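Quick notes on the structure that follows.
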Amino acid sequence: MFDVFDEGDGAPLQFFQSYQIQSKIYMLRYFTTGESHGEALVAVLSGLPAGLKVDQGFLDRELWRRQQGYGRGGRMKIERDTAHILSGVRQGMTIGSPISILLENKDWKNWQESLPVGKGDLTKHKRVASPRPGHADLAGALKYNFPEARYVLERASARESAARVAIGAVAKLFLHELGIEVLSHVIAVGAATIGDKEIPWEQIGPLAVREEILLSCADPQAEQRMKEEVDKVLKTGDSVGGVFEVVAHGVPPGLGTYAQWDERLDALLAGAVMSLQAVKAVEIGVGVAAASSPGSAVHDEIGYEKASGFSGFTRSRNHAGGIEGGVSNGEEIRLRGYLKPISTLRRPLQSVEFATREPVKAAYERSDVCVVPAAGVAAEAMVALTLARCALEKFGGDSMGETRRNFQGYCQQIKNY
């Protein structure tokens, strides 16, 4: 509230009854709750139309994909994630009310005495006595005034991303109804990379249905080199990061807008993927190389073939990554996430003990060595949730029938352009 005083009699004028900056209210909203070693994770997704078929097997398959990959740690031998839908789905269909999904933490039985909800025995509390460089430990402890980092670790852990994958799978099912598919593949692990070549959609799809997921790379020879990178850090007690690419196939032109800064599709996608644990950079199209290249080598020339694509307009290439001016342009959306190495090391780095401020080695918690393929799956979920949100804002209805009619009408408008 702001008070403005009249200079004549000093009587206060109510300049504003209330002053509040509100962020955009989205049709599709979601959030997660839960801790890494707590009883369960819960994800809530609100705003999906009624009448969407929810395939339980697909949700569980997506959760399984997140747990796979060469270099995962011991936690993956304990957890077998399945999506327990609590609300918003009946008879296998969405009913228009918020969807909530519970993921049981099977490791909870080993932590009940250490992390009780009620007052427990403090002698059984498992302290994180020294912060790990690169983790949220120290920053979180300072922010919340914790004497050590156990409660920071519990929420900051990438275990939380499992809940995002669960609701992201529901978003994928919605997008599938509009002909949009979202998948990922691994570009690099450590120094091993496939280079700058663009992997076509037809080679990415089969990676998601493999019975055994190694490192989700479409190039078998490069994947073997990536495995060697993981083996190398396993021997030395280190960890390794890498690069994944998420591809959204079948996205129509017109999602997002240039009209407001916080509604630009590239900004929304970059923020969504950057929100994932350990992601330190996001690139759309050839964004990094574009900064040092002339315009003639960067921008995608436009052609026209009446029977081609959504509108007949074609592109000679897709350096823009499917987005121009904050709006999807009808090409595949391609973005890359750059993942730092996991910050928990079996050969810990130097740190300081919380209680004494004396130099010690950083704390060690059971952890992974490489999570690039898993991060790609989590990024798929965030991209799917973002695209579903934008699609609902443009085509949304209260039922899937209404949404499909709106979408089909727009597609016809594009074809008639």
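The values are calculated or read from the model by the stated rules, or taken from the named source; none is laboratory data. Everything numeric here is computed off the predicted structure, so don't read it as measured data. We place every Cβ from the backbone using ideal geometry, glycine too, and count neighbours over all the protein chains shown.
Please pick out the residue among Ile194, Ile199, Ile167 that is farther than 30 Å from Phe395 by Cα, surrounded by 19 or more Cβ atoms within 10 Å (Cβ to Cβ) and of a type in the set (Val, Ile, Thr). It would help to see each step written out before you state the result.
Numbers: Ile199 fails: surrounded by 19 or more Cβ atoms within 10 Å (Cβ to Cβ); Ile167 fails: farther than 30 Å from Phe395 by Cα.
Matching residue, one of Ile194, Ile199, Ile167: Ile194.
Among (1) surrounded by fewer than 16 Cβ atoms within 10 Å (Cβ to Cβ); (2) farther than 23 Å from Ser275 by Cα, where does Pro133 come up short?
All conditions pass for Pro133, except number (2).
Being of a type in the set (S, T, N, Q) and crowded, with 18+ Cβ neighbours inside 10 Å is the filter; apply it to region 98-113 and report the residue that is modelled with the highest pLDDT.
Among residues in region 98-113 that are of a type in the set (S, T, N, Q) and crowded, with 18+ Cβ neighbours inside 10 Å, the one modelled with the highest pLDDT is Ser100.
Do you know which residues across region 257-284 are touching a helix residue (DSSP H, G or I) at 6+ places or on another chain (Cβ under 6 Å) and part of a loop (DSSP other than H, G, I, E, B)?
Matches in region 257-284: Thr257, Leu276, Gln277.
Residues are listed down the side, and each one gets a yes or a no for (1) of a type outside the set (A, V, I, L, M); (2) under 17 Å from Val182 (Cα atoms):
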{"residue": "Asp262", "(1), (2)": "yes, no"}
{"residue": "Leu269", "(1), (2)": "no, yes"}
{"residue": "Val288", "(1), (2)": "no, no"}
{"residue": "Gly295", "(1), (2)": "yes, no"}
{"residue": "Val298", "(1), (2)": "no, no"}
{"residue": "Ile302", "(1), (2)": "no, no"}
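Looking at region 251-270, which of its residues are buried (at least 20 other Cβ atoms within 10 Å of the Cβ) and of a type in the set (D, E, K, R)?
Asp266
Given the structure, is Ser184 small (Gly, Ala, Ser), farther than 18 Å from Lys280 by Cβ and not in a helix (DSSP H, G or I)?
On the way: small (Gly, Ala, Ser): yes; farther than 18 Å from Lys280 by Cβ: no; not in a helix (DSSP H, G or I): yes.
Answer is no for this residue.
Picking from Glu331, Glu305, Glu365, Glu324, which residue would you name as being under 27 Å from Leu153 (Cβ atoms) and acidic (Asp, Glu)?
Glu365
Show the residue pairs meeting these rules: Cβ distance below 9 Å; 6+ apart or different chains; first residue within region 353-376 and under 13 Å from Arg127 (Cβ atoms); second residue aromatic (Phe, Trp, Tyr) and surrounded by fewer than 18 Cβ atoms within 10 Å (Cβ to Cβ).
So the pair list comes out as Phe354/Phe146.
Select from region 114-130 the residues that are surrounded by fewer than 10 Cβ atoms within 10 Å (Cβ to Cβ) and either basic (Lys, Arg) or under 25 Å from Thr356 (Cβ atoms) (or both) and list them in ascending order.
Of region 114-130, the ones surrounded by fewer than 10 Cβ atoms within 10 Å (Cβ to Cβ) are 117-119, 121-123.
Answer for region 114-130, where residues must be surrounded by fewer than 10 Cβ atoms within 10 Å (Cβ to Cβ) and either basic (Lys, Arg) or under 25 Å from Thr356 (Cβ atoms) (or both): Lys119, Asp121, Leu122, Thr123.
Could you tell me how many of the residues in region 392-417 are closer than 17 Å to Leu52 by Cβ and free of Cβ contacts under 8 Å to residues at least 24 places away in the same chain?
3
Pick from Gly326, Gly287: which is of a type in the set (Gly, Ala, Ser) and on the phi > 0 side of the Ramachandran plot?
Checking each option against the conditions leaves just Gly326.
Answer with yes or no whether Leu173 is within 21 Å of the chain's Cα centre (by Cα), surrounded by fewer than 24 Cβ atoms within 10 Å (Cβ to Cβ) and at pLDDT 95 or above.
yes
I'd like to know if region 400-416 contains one or more residues that are in a strand (DSSP E or B), at pLDDT 95 or above and basic (Lys, Arg).
no
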